Amino acid sequence: MRVVVPARLARVLARRRRLISAVLLGLAVAGVLVSVRAPSGVAVLVAARDLSGGRLAAGDLSTVRVPSSVLPDGYLAAGSPVVGRVLTAPARRGEVLTDARLLGSGLLASDARGVVATPVRVEDADAAGLVTAGDVIDVLAAYETHAETAAERVTVLTRAQSEEGGLLVLATTTGQAASLARAQAGARLSIAVHPR
């Protein structure tokens, strides 16, 4: 079918063809820019730098968009309230953070029934500073007359240092927690770190 353009309209189009071409080109460029700038994927929280574990600050986190097909289960969406929570193990810059990496009831429940978070003060703060969340340690108790192992192969959940010694929070069984409580009452505690 042949389209007949009135002569007057044809003359106007001929005179304005450069302007019309420029407008159409501008619309095409704008369409490309909008499609390129349109965010894709899911906005998630990632480590803004290498993290050793411990309490999270706002500067430890950044937000990126990741395709949903490659996200791990339990990922933390952008805006999740995680500042102040405890990261239980080191994380690399850019690593997507998940609920399993944060200290809480979910972490303890995932290990085994009867696992509890047990705070223990180690006398030597420098020794406590050698471990990070995720390390496996033995806690040793030195009494006046002898020394013994108060808890074997327990996982460090987090640590905090002070002048009074290093405070470690450990994932222990209830039996290990009782043994550590007895040891703290009458002994100086130290640690031995298992290789990873």
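Listing for the model above:
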read-out: Cα centroid of the range 125-146 to Cα centroid of the range 51-70, whole Å; value: 30
read-out: Estimated FRET transfer efficiency when R0 is 45 angstrom, pair Ser52-Val29 (beta carbons, to 0.05); value: 0.45
read-out: For the range 116-164, convex hull of alpha carbons as volume per residue, Å³; value: 84
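Readers should treat all values here as calculations from the given coordinates under stated rules, not as data from a laboratory. Keep in mind the model is a prediction, meaning the values are calculated, not measured. Ideal geometry is used to build each Cβ from the backbone, glycine not excepted, and the neighbour counts take in all protein chains shown.
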